[in-house]
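Chemist: Supplied in structure tokens, the structure appears directly below.
Since every read-out is calculated from the coordinates, none of them should be taken as a lab result. Everything numeric here is computed off the predicted structure, so don't read it as measured data. Cβ sites come from the backbone with ideal geometry, for glycine too, and all protein chains shown count toward neighbours.
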Amino acid sequence: MNFSSAIPSTFLPIILSSPSGAGKTTLTHRLLDRCPELRFSVSHTTRSPRTNEVDGRDYHFVTREAFEAKVSAGAFLEWAEVHGNLYGTSLTEITRTITLPGCAGLIFDIDYQGARQIRAKIPEVVALFILPPSLTELERRLRNRASETEESLRTRFAVAKREIEHYALFDYLILNDDLDRAFDERRSIVIAEHACRTRRASLAEALLRHGVL
């Protein structure tokens, strides 16, 4: 399926990415609460659920064997291995979500590897990357989770620096040194992108052809 041609011109696909601990999850939940036209693309993963995570809401939690079977079947728009676990966006999930009533945008919560794959297949996607205020603060946030071993924390911190190195893949960089300000920036980007010429051109053409929308 050619998703770029299947997605309506008025639809807003959004990539949200960040290193672990930069505040992406908190900002995403707030954005979904304030923007009812947006939906969340629930990824598949082989990692275990964290406290308060719900299967089918936060992720589709599957075994590595089940995930690899989907890869072999071509079931993913994108997939990658991160921190020793597999993550992927299924084609079925996208098709289901974009047809939901009132849905005018879809949020992909993925890393830079997935961002590169989706951008190659959906050029009109808008990609946002969240930066921590400092690497020292990022390490502090990771340690405060109290759910990481020292080894896994060092791995996540090394991967975080590698993810920041790929900032040029993204259209917007949001500094999360203040949660409210960072949210206002993200919300402003969504509003502006909904009103951009390529997504509103059909309205202007309708007025020219029929005199009404």
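Chemist: Just wondering, is there one or more residues in region 65-80 that are in a helix (DSSP H, G or I), touching a residue at least 24 places away in the same chain (Cβ under 8 Å), in contact with a Lys or Arg (Cβ under 9 Å, 6 or more places away or on another chain) and surrounded by 12 or more Cβ atoms within 10 Å (Cβ to Cβ)? Can you show your working first?
Modeler: Taking region 65-80 as the starting set, the residues that turn out to be in a helix (DSSP H, G or I) are 65-72.
Subset that is touching a residue at least 24 places away in the same chain (Cβ under 8 Å): 70.
Checking the rest, the ones that are also in contact with a Lys or Arg (Cβ under 9 Å, 6 or more places away or on another chain) come to none.
Scanning region 65-80 turns up no residue that is in a helix (DSSP H, G or I), touching a residue at least 24 places away in the same chain (Cβ under 8 Å), in contact with a Lys or Arg (Cβ under 9 Å, 6 or more places away or on another chain) and surrounded by 12 or more Cβ atoms within 10 Å (Cβ to Cβ).
Chemist: When both residues are 6+ apart or on different chains and their Cβ atoms are under 7 Å apart, which pairs have a first residue that lies in region 181-201 and is on the phi < 0 side of the Ramachandran plot, and a second that is surrounded by fewer than 18 Cβ atoms within 10 Å (Cβ to Cβ) and assigned to a helix (DSSP H, G or I)?
Modeler: What qualifies is F183/R30; R187/R34.
Chemist: Quick check on my filter: what residues within region 182-213 are of a type in the set (V, I, T) and either farther than 20 Å from L106 by Cβ or not in a helix (DSSP H, G or I) (or both)? Show your work before the answer.
Modeler: In the first step, residues of region 182-213 are kept if they are of a type in the set (V, I, T); the result is 189-191, 198, 212.
Across region 182-213, the qualifying residue is only V212.
Chemist: Against the condition under 27 Å from R30 (Cβ atoms) and either of a type in the set (S, T, N, Q) or touching an Asp or Glu at 6+ places or on another chain (Cβ under 6 Å) (or both), how does T92 come out, does it pass?
Modeler: Values: under 27 Å from R30 (Cβ atoms): no; either of a type in the set (S, T, N, Q) or touching an Asp or Glu at 6+ places or on another chain (Cβ under 6 Å) (or both): yes.
So T92 fails the test.
Chemist: Would a scan of region 141-148 turn up a residue that is surrounded by 12 or more Cβ atoms within 10 Å (Cβ to Cβ), without any contact (Cβ under 8 Å) to a residue 24 or more places away in the chain and over 20 Å from the mean Cα position of the chain (by Cα)?
Modeler: Taking region 141-148 as the starting set, the residues that turn out to be surrounded by 12 or more Cβ atoms within 10 Å (Cβ to Cβ) are 141-143, 145, 148.
Of the ones still in play, those that are also without any contact (Cβ under 8 Å) to a residue 24 or more places away in the chain are 143, 148.
Still in the running and over 20 Å from the mean Cα position of the chain (by Cα): 143, 148.
Yes, region 141-148 contains at least one residue that is surrounded by 12 or more Cβ atoms within 10 Å (Cβ to Cβ), without any contact (Cβ under 8 Å) to a residue 24 or more places away in the chain and over 20 Å from the mean Cα position of the chain (by Cα).
Chemist: Of all residues being under 14 Å from G21 (Cβ atoms) and assigned to a helix (DSSP H, G or I) in region 163-181, which is farthest from the chain's Cα centre (by Cα)? Just the residue, please.
Modeler: My answer is L179.
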